[in-house]
Amino acid sequence: MMAAGRAAELGATVVLLEKNPSLGRKLLISGGGRCNFTNAEPDVRVLADHYGEARHALLSPFTKFSSTETLAWFAARGMPYKVEDNQRAFPVDNQAKSVLAVLDRYLAEGKVKLRLGTEVLGFEMAGEEQTGAKRVTGVRLSRETLTAKRYLVATGGTSHPETGSTGDGFRWLSDLGLKVRFPEPSLVPVAVKEPWVADLAGLAFPEAGLSAWVGTEKLEFRKGKLLFTHFGLSGPLVLNFASQLSKIRSRTARQGDLVLKVDFFPHSDAKTLDRELVELFTSQSGKKLKNALGGLLPPRVIPRLLTLSGADPEKALAQVTRVEREGLVAVLKGFPLTFKKLMDESRAIVSSGGLHVDEIDWRTMNCKKVPNLAVTGDLLDINRPSGGFSLQLCWATGWVAGTASSYS
């Protein structure tokens with residue numbers, strides 16, 4: 001939508017093909033329906049660093065359309081925004097439909113012709129004898145072939161296939177002989193083996209730690225927002241950790257279970273937390289242990305915490321032993337869950353894989369081997385963490401591709 005609107009703004013006649021009966025189905029469910037539409041990091045180089053090995057390639061499109069431009073672009077079109085923790089930007093009204101409405105108006109202003117409910121089957125190709133380069137000569141539909149001067153693919157990854165993201169673009173690009181790594185879930189929740197985790201579903205912790213253990217070896221640690229679900233763990237902390245957890249599991253599969261330990265107090269060490277418990281127990285010495293921890297954690301966590309620590313919930317605080325108290329601290333700093341698997345594409349926020357970055361001319365988003373074909377957004381093999389980075393990639397590459405359509 002960004003690419004089509006930009007091309008039309010610059011004078012191109014644009015036809016937008018969409019196999020769904022309406023535009024923006026995945027956009028409407030992004031960010032839990034709130035749409036974290038960009039990350040508001042103002043420094044282009046710092047922004048690019050979030051995309052790992054693709055950072056250098058992305059400096060070109062981000063210099064032309066950074067997150068600062070994204071924020072200004074939407075605000076100028078009547079969508080006020082707010083910036084929350086970790087620079088995540090949302091519409092002020094927390095409605096993804098507000099983002100979609102801006103894009104709908106942009107297409108209408110440029111008189112982009114929409115063909116909804118239109119499934120693309122693939123491309124027609126021809127080679128140029130003089131240069132040896134390939135060119136797209138048409139788009140095959142069920143009953144006709146459409147021809148144009150330039151073509152652009154923006155079909156997205158394979159996360160949430162119910163929205164129409166079924167990997168069509170990856171197959172088309174591969175059929176053209178381009179280097180494509182077929183996708184797998186990337187930003188995806190984690191399922192755990194403990195069935196009782198369902199009792200904690202919906203509990204969110206704005207700042208928690210999560211460490212990965214095999215036996216007595218601590219292999220990795222991250223911090224961030226954590227959400228318990230009926231099958232395990234989610235939230236930005238887990239989504240951004242998922243790919244690494246999958247690699248750890250593959251590497252250590254023969255060494256025993258992969259245990260994930262939740263640290264509910266990542267900013268306090270064990271000694272500090274123990275001192276705080278001593279103060280709490282002293283001030284409320286007549287209370288039972290099971291009734292005294294409500295100020296530390298949500299009530300639903302406490303019975304499981306006490307079971308895992310081995311402490312007697314019926315004991316008065318004055319009777320809790322040092323060993324029991326240290327056991328509580330250990331679980332508060334390392335609430336254990338056993339890794340089962342990553343969830344599939346239906347639960348993924350983003351899929352990994354796509355067209356190799358070396359296949360693209362980042363000044364135009366055109367394929368080097370197929371100069372009249374541009375590729376954008378989640379079709380590119382670029383790691384995007386949670387936090388608005390995936391959509392920022394879409395806006396920037398779409399803007400650059402749309403702008404390039406005006407080149408002679």
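Each reported figure results from applying straightforward, stated rules to the coordinates on display, with no laboratory input. Remember, it's a predicted structure, so these values are computed and weren't measured experimentally. A quick note on method: Cβ atoms are made from the backbone with ideal geometry, for glycine too, and the neighbour counts reach across all protein chains shown.
Numbers for the structure displayed
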| quantity | calculated |
| --- | --- |
| Overall form of segment 1-43 per C-alpha gyration tensor (a/c, 1.5; a/b vs b/c) | oblate |
| GluC sites (Glu not before Pro), loop per DSSP, at most 16 other Cβ atoms within 10 Å - longest free stretch of the chain | 145-313 |
| Distance between modelled label sites at Met125 and Arg55, nm, 7 Å Cα→Cβ extension | 3.5 |
| Fewest-first sequence of Thr216, Thr118, Thr145 by Cβ atoms within 10 Å of each Cβ | Thr216, Thr145, Thr118 |
| Identified option (computed percent of Cα pairs over 41 Å apart; candidates (1) 10; (2) 27; (3) 17) | (2) |
| Partners for Lys111 among lysines (Cα-Cα distance below 26 Å; same-chain residues under 8 apart left out) | Lys19, Lys26, Lys64, Lys97, Lys149 |
| Highest-fluctuation residue, Ala396, Ala253, Ala374 considered, GNM on the chain with Cα pairs under 10 Å | Ala253 |
| Residue-count net charge about Thr403 - beta-carbon cut-off 14 Å; Lys, Arg +1, Asp, Glu -1 | +1 |
| Charge context of Asp274, other residues only, Cβ under 15 angstrom, K/R +1, D/E -1 | -1 |
| FRET efficiency, Val278 to Val323 (Cβ-Cβ, R0 22 Å, nearest 0.05) | 0.95 |
| Förster radius 25 Å - calculated FRET efficiency between His230 and Arg171 (Cβ-Cβ, nearest 0.05) | 0.15 |
| Net charge of neighbours whose Cβ lies under 13 Å from the Cβ of Ala96, counting Lys and Arg as +1 and Asp and Glu as -1 | +2 |
| Average projection area in nm² (convex hull over Cα atoms of segment 189-343, one quarter of hull surface) | 8.6 |
